[in-house]
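Trainee: What follows is a structure written as structure tokens; I'll ask about it next.
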Amino acid sequence: MTINHDKYPIPTQLFIGGKLCDSVSPERYSIYNPVDDSLVTDQIQYAVAEDVDRAVASAQAALQSESWGGLSAPERGRKLMRAAAILAENKDEIAWLDRITMGKPVQAGLGEIQMAVELLEYYAGWADKHAGETYPADHGYLKIVQHEPFGVCAGILPWNGPIGMIAFKLSPALATGNVMILKPSEKSPLSALRVAALLSDVLPPGVLQVLPGAGATGDILARHPQIRKISFTGSGITGKKIQKASAESNLKRVTLELGGKTPAGVFDDCNFENALEWATNSITMNSGQVCVAASRLYVQESIAERFLAAFVEKMKAAAAAMGDPNDAKTMYGPLADKAQLSRVQGMFTQDGGKTQILTGGQRRGDEGCFFEPTVLYNPDPDAQLYKNEIFGPVACVRTFKDEEDFLRMANDSEYGLMAAVFTKDLGRAMRVSARLESGSVGVNCTTAINWQTPFGGSKQSGIGRELGKWGLQSYTEPKTILIKGFLRGAGKREVVALAIPFPHTPYQL
Ligand code: NAD
């Protein structure tokens, strides 16, 4: 397949101070299309330290400006609503840019943009509703808690959901009055650059900036003394480096959304077809490159044979539905690039022998980065394929006897992003949900995320939460203001007991 570069221009520069501009560095990088390994561009620029400094200066100017820092919350909300509309108006172009860099099929790409639009709209609504708190003056002080933005924030993004991840970071950050510097993945920087250019119609210079680059650029951001907050989505290994860089620099606040190995328990009283549908869609969606993909499937012994046979057939059907992401009917495309393909293949070379491969287990064809939907049965508990995130369409299946048996295996992991339980017994659903060690639990569903509720990982799947009101909290810091002189007679004796003995404690009033 040849890329039609005339369809839309390919952005290759940095986006700083409201416009596309060149990096200080003369180096240029290449991106290849995972469908057929063809060159998309060899002109991608990476941001270096001086570029990051320029972006931070522009971000600080935006915070001081009347056109951003001086806006009221409803005005910020209206800007986010307009940003959502601009994304929707340009969805075909944005989806195309992600398609040629990481192979996301047309429908999946458009679906992700729709999610980004809804997320921007959701946080547009929050902009003037993120209230503070007051506590009565019964200790001699009126106590006010207000939520203040950090100021200059950075978002470091993975490649598997480029536009969705932009919305995850950008929407709550701007709703609460921050400014944002995004570093997209080196594998998929195009959509972020285009979004920034499109949104410059509504966002003043410095409010949204995009610095493409690899790990080195991310590290500069993580260590920058004027950046106060980093929100990172990516692998656990990188997340730990970012946490360390933050600690070694200015102790910037860090939110980490890391990998997962979602366990899904299929009990014999479940709706069989529903469980089958979710199990298949969850691990084949985005070719398995989803942090919440149900990659560990546990099936109760009494239905295991029947379920496994049906699951293998569904996965074979998914393999048949793989194809050119440009075809609107294609459901599953390639893995994101050669590096991701060799990573998945490498895990099979390393310990494919420690499991039964019921279907798949190899690259499809010899062009592009396609990997067959795969079912592994009874993998060795020590196999990397079973223990670690594969980030490909590979499901590990084991059987269990009862609730305890399922919970023991499900929780025997350092990951804790999402888990699922399929059963018609509400009591069991609640018992098991309570004991699953994960940030989210799906009952009779999995791989589902909702704007209204917090999303994030327990254990080594992350720190902090995104979405809902928790997303607002992750971009603000509470400030307490104590106003002295509101003492009421009735509270006076209590105050004497509680007061801290400083010169101006309430009992001296
Ligand atoms: P990655 O960790 O390799 O890279 C993520 C980003 O970090 C990239 O932009 C990369 O350039 C940057 N980076 C690399 N080294 C860095 C460093 N030392 N300092 C700062 N930045 C650095 O992850 P990936 O391969 O791009 O994405 C896949 C991973 O993301 C998977 O583990 C997946 O589970 C995870 N993910 C998690 C969520 C979630 O919400 N929990 C969502 C999507 C993806």
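Coordinate-derived values only; no laboratory data. All of these numbers come straight from a predicted model, not from anything done at the bench. Ideal geometry is used to build each Cβ from the backbone, glycine not excepted, and the neighbour counts take in all protein chains shown.
Trainee: Rounded to the nearest 5, what % of DSSP beta bridges with both residues in segment 244-390 are antiparallel?
Mentor: Restricted to segment 244-390, the bridges split so that about 45 percent are antiparallel.
Trainee: Where does each of 342-350, 367-375 land if you order them by average Cβ count within 10 Å, highest first?
Mentor: Order by mean packing, descending: 367-375, 342-350.
Trainee: If packing is taken as the average count of other Cβ atoms within 10 Å, what order do 386-394, 182-190 fall into, highest mean first?
Mentor: Ranked from most to least packed, the peptides come out as 182-190, 386-394.
Trainee: Order by neighbour count: 130, 224, fewest other Cβ atoms within 10 Å first, most last.
Mentor: Ranking 130, 224 by Cβ neighbours within 10 Å, fewest first, gives 130, 224.
Trainee: What is the set of long-range amide H partners of residue 442 at a cut-off below 5 Å, with H atoms built 1.01 Å from backbone N?
Mentor: Answer set, sorted by chain and number: 419, 420, 421.
Trainee: Around residue 299, which amide H atoms from residues at least 5 apart in sequence, or from another chain, sit under 5 Å from its own amide H, with H modelled in the peptide plane?
Mentor: For residue 299, whose amide H was placed from the backbone, the distant partners under 5 Å are 266, 398, 399, 400.
Trainee: HN-Hα J couplings of segment 105-120 from phi, Karplus 6.51/-1.76/1.60, θ = phi - 60°, integer Hz, Gly and Pro as x?
Mentor: Coupling constants for segment 105-120: x, 3, 5, 5, x, 5, x, 5, 5, 4, 4, 5, 4, 5, 5, 4 Hz.
Trainee: Once you have a ≥ b ≥ c as the square roots of the Cα gyration tensor eigenvalues for segment 263-456, tell me rounded if a/c is under 1.5, and otherwise prolate or oblate according to whether a/b is larger than b/c.
Mentor: Prolate, because a/c is 1.5 or more and a/b exceeds b/c.
Trainee: By how many nm would the segment from residue 281 to residue 425 grow when fully extended, if each residue of separation counts as 0.36 nm and the alpha-carbon distance is taken off?
Mentor: Working it through step by step, the gained length comes to 49.5 nm.
Trainee: In terms of modelled amide H atoms, which long-range or inter-chain residues lie less than 5 Å from the amide H of residue 416?
Mentor: 261, 458, 460, 461
Trainee: Once R0 is set to 45 Å, what does the formula 1/(1 + (r/R0)^6) return for the Cβ-Cβ distance between residue 134 and residue 235, expressed as a FRET efficiency to the nearest 0.05?
Mentor: 0.60
Trainee: Right, next: Return the distance in nm (one decimal) between the two label points of a simple spin-label model at residue 114 and residue 411, each offset 7 Å from Cα along Cα→Cβ.
Mentor: So the two model labels end up 3.8 nm from each other.
Trainee: A further question follows. If I model a spin label at residue 401 and residue 66 as a point 7 Å from the Cα along the Cα→Cβ vector, what separation in nanometres do I get?
Mentor: 7.5 nm
Trainee: Follow-up. Can you tell me how segment 184-278 classifies by the Cα gyration tensor, rounded, prolate or oblate, using a/c under 1.5 as the rounded cut?
Mentor: It comes out oblate by the Cα gyration axes.
Trainee: So for 30, 191, 438, 302, fewest C-beta neighbours within 10 Å to most, what's the order?
Mentor: With the sparsest Cβ surroundings first, the list reads 30, 302, 438, 191.
Trainee: Another question, then. Starting with the fewest neighbours, write out 241, 484, 252 ranked by other beta-carbon atoms found within 10 Å of each beta-carbon.
Mentor: 484, 241, 252
Trainee: Something else now. Going highest first, how would you order 46-52, 139-145 by mean Cβ packing within 10 Å?
Mentor: Highest to lowest by the protection proxy: 46-52, 139-145.
Trainee: In nm, to one decimal, how far is the modelled label at residue 39 from the one at residue 378, with both set 7 Å along Cα→Cβ?
Mentor: 5.1 nm
Trainee: Residue 240: net charge of surrounding residues, Cβ under 14 Å, Lys/Arg +1, Asp/Glu -1, itself excluded?
Mentor: -1
Trainee: Can you tell me how the chain classifies by the Cα gyration tensor, rounded, prolate or oblate, using a/c under 1.5 as the rounded cut?
Mentor: Oblate.
Trainee: Next question, about the same structure. Need one number: % antiparallel among DSSP beta bridges in the chain, to the nearest 5.
Mentor: Close to 40 percent.
Trainee: In whole Hz, what ³J(HN,Hα) sequence does segment 282-288 give by Karplus (6.51, -1.76, 1.60; θ = phi - 60°), x for Gly and Pro?
Mentor: 4, 8, 9, 3, 6, 6, x
Trainee: Check the straight Cα-Cα distances from residue 7 and name the aspartates and glutamates below 15 Å, setting aside those fewer than 8 residues away within the same chain.
Mentor: Those aspartates and glutamates meeting the cut-off are 92, 93, 98.
Trainee: Which ³J(HN,Hα) values, rounded to whole Hz and listed in residue order, are derived for segment 300-308 from phi using the Karplus coefficients 6.51, -1.76 and 1.60 in 6.51 cos²θ - 1.76 cosθ + 1.60 with θ = phi - 60°, glycine and proline given as x?
Mentor: Along segment 300-308, the couplings run 5, 3, 4, 10, 4, 4, 5, 5, 4 Hz.
Trainee: Quick one: if the Förster radius is 35 Å, what FRET efficiency do residue 29 and residue 450 give, using the C-beta to C-beta distance and rounding to 0.05?
Mentor: So the FRET efficiency works out to roughly 0.45.
Trainee: Going by alpha carbons, how many degrees (0 to 90, nearest 10) lie between the helix axis of 73-89 and the longest principal axis of the chain?
Mentor: Value to nearest ten degrees: 20.
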